[in-house]
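The values are calculated or read from the model by the stated rules, or taken from the named source; none is laboratory data. What you are looking at is a predicted structure, and each value in this text was computed from that prediction instead of being measured. In this analysis, Cβ positions are derived from the backbone assuming ideal geometry, glycine residues included, and neighbour counts consider all displayed protein chains.
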Amino acid sequence: MNHPSKDIVGTKSRRLKGRTIILCVTGSVAAVRSAEIARELMRHGANVYTVMSENAQKIIHPNLLEWATGNPVVTELTGKIEHVAFVGDIHQKADLVLIAPSTANTISKISKGIDDTSVTTVASTALGSKTPIVIVPAMHESMYMHHAIRANIEELKLQNVEFIEPIMKERKAKLPETATIVENLIQIMTVQQDFHGMNVLVTSGPTIEFIDSIRIITNRSSGKMGSAVTSEATRRGASVTLISGPTPTKPRSATKIINVVTTEEMKHAVETELRETPYDVMIAAAAVSDWKTSKPYEGKVPTSARSSFELTLKPTPKIVDGVKKISPKTFLTIFRAEYKTTDEELIQSAYERLKKAKADLIVANDVSRKGVGFGTDTNEVFIIDKARHAIHVPLSSKQTVANQILDAIKKKCTGA
């Protein structure tokens, strides 16, 4: 017999028809909104199951969520191994885990792999089975802005966890309107898996060249653009190998990560991968060091005398120039950074570089502009093809820029 509460399923749309969502509720006072969120998801066709932490049950009763969803509520993990049944590495697992509301405590525990509540155990299992997770934080503003919470949120984003940002009001980080949460969720769940079955190779971060055993030549690359490309390509179904220079963090969503330090090491890793694996796409987002010393000094060059010290530099190999020689069928996208140029100068410089590397696309930016390039969370780029057609992506998050790049690649690969 169908539960009477399920009569509303699909009454607004069928955009979530056939989708199962695990709604996890934690001990925030915003838990009073959870039933409303569940009902709205159902109106768009979703089947919703709920999991409650012990503290959430002190705010609302499980009976409310059983009424809202028409499904039994998980309040503790039992011999039924509910976390595995919902999101384990099984054939008929749920499509997505939504944690709304999520406390600061829950965010931090998930980030650190602590599984001591029904909600954190479900989240940990979902991460292990690569089931999508969306978190909607709700807490006091001072907690939300704490540097440790912000760091934990960024760490989870690198693991492909999505966040729906709260509304800052009355010195609190509050849940957005229910319609906003549901619409964001629909967009996340219906993202096109247009890179499914494709092998993608990404280079990211800086490379380092040694002056002596402790001093180096490098650049300010943070690897954020390469990380964004990796995360978004994975989200769109690609199998991604990331070759990264030294960066503080790397996206755990990558299928394979190869850590390198010097330009020669990155060159060797790229060439090895291209020879051993048929890559459909390579995205060379790394900011490779352009120069290295003719001969690094052993040990540490003494500074006690404070005398002048001269270095002779020579160019490092251009990794992207050899890609098409090894793997001519790989769709090659490269990057170029300029400083204080006009848009036309930037496009022309990038186009000349594209032709030299025999690349298929080039992404160009001017790192002198505010909010653009190294170390920022945003970027402004031009995407230029072999016909010199340029697509302008205005200042946006690097995730947005990454998706624009992937859209351009997919369009060129399919001829659409």
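Report, by residue number, each residue of segment 189-223 that is of a type outside the set (Val, Ile, Thr), over 28 Å from Val301 (Cα atoms) and surrounded by 24 or more Cβ atoms within 10 Å (Cβ to Cβ).
Scanning segment 189-223 gives Leu201, Ser204, Gly223.
I'm trying to understand the selection: among the residues of segment 224-253, which are within 11 Å of the chain's Cα centre (by Cα) and of a type in the set (A, V, I, L, M, F, W, C)?
Met225, Ala228, Val229, Ala233
Residues of segment 113-147 being of a type in the set (A, V, I, L, M) and either closer than 12 Å to Ser102 by Cα or in contact with a helix residue (DSSP H, G or I) (Cβ under 7 Å, 6 or more places away or on another chain) (or both), which ones?
Ile114, Val119, Val122, Ala123, Ala126, Ile133, Val134, Ile135, Val136, Ala138, Met139, Met143, listed by residue number.
Residues that are surrounded by 20 or more Cβ atoms within 10 Å (Cβ to Cβ): list the strands (runs of 3 or more DSSP E) wholly contained in segment 359-403 that include at least 3 such residues.
The strands (runs of 3 or more DSSP E) meeting that bar are 361-366, 378-385.
It is to be established whether one or more residues within segment 271-292 are over 28 Å from Thr378 (Cα atoms), free of Cβ contacts under 8 Å to residues at least 24 places away in the same chain and not hydrophobic (A, V, I, L, M, F, W, C).
Yes, the conditions are met somewhere in segment 271-292.
Just name the residue that is farthest from Lys267 (Cα to Cα) out of those in segment 315-370 that are charged (D, E, K, R) and in contact with a Leu (Cβ under 6 Å, 6 or more places away or on another chain).
Only one residue tops the list, namely Asp366.
Picking from Thr400, Thr330, Thr414, Thr378, which residue would you name as being in contact (Cβ under 8 Å) with a residue 60 or more places away in the chain and under 20 Å from Ile283 (Cα atoms)?
Of the residues listed, the single one that is in contact (Cβ under 8 Å) with a residue 60 or more places away in the chain and under 20 Å from Ile283 (Cα atoms) is Thr330.
What's the total number of residues in segment 148-184 that are hydrophobic (A, V, I, L, M, F, W, C), touching a helix residue (DSSP H, G or I) at 6+ places or on another chain (Cβ under 7 Å) and surrounded by 15 or more Cβ atoms within 10 Å (Cβ to Cβ)?
Total meeting the criteria: 10.
Would you mention how many residues in segment 314-327 are in contact (Cβ under 8 Å) with a residue 60 or more places away in the chain and over 25 Å from Ala390 (Cβ atoms)?
Result for segment 314-327: 1.
Tell me the residue from Ala85, Ala56, Ala94 that is in the same structural domain as Leu16 (by TED's automatic domain parsing), small (Gly, Ala, Ser) and under 17 Å from Thr26 (Cα atoms), please.
It is Ala56.
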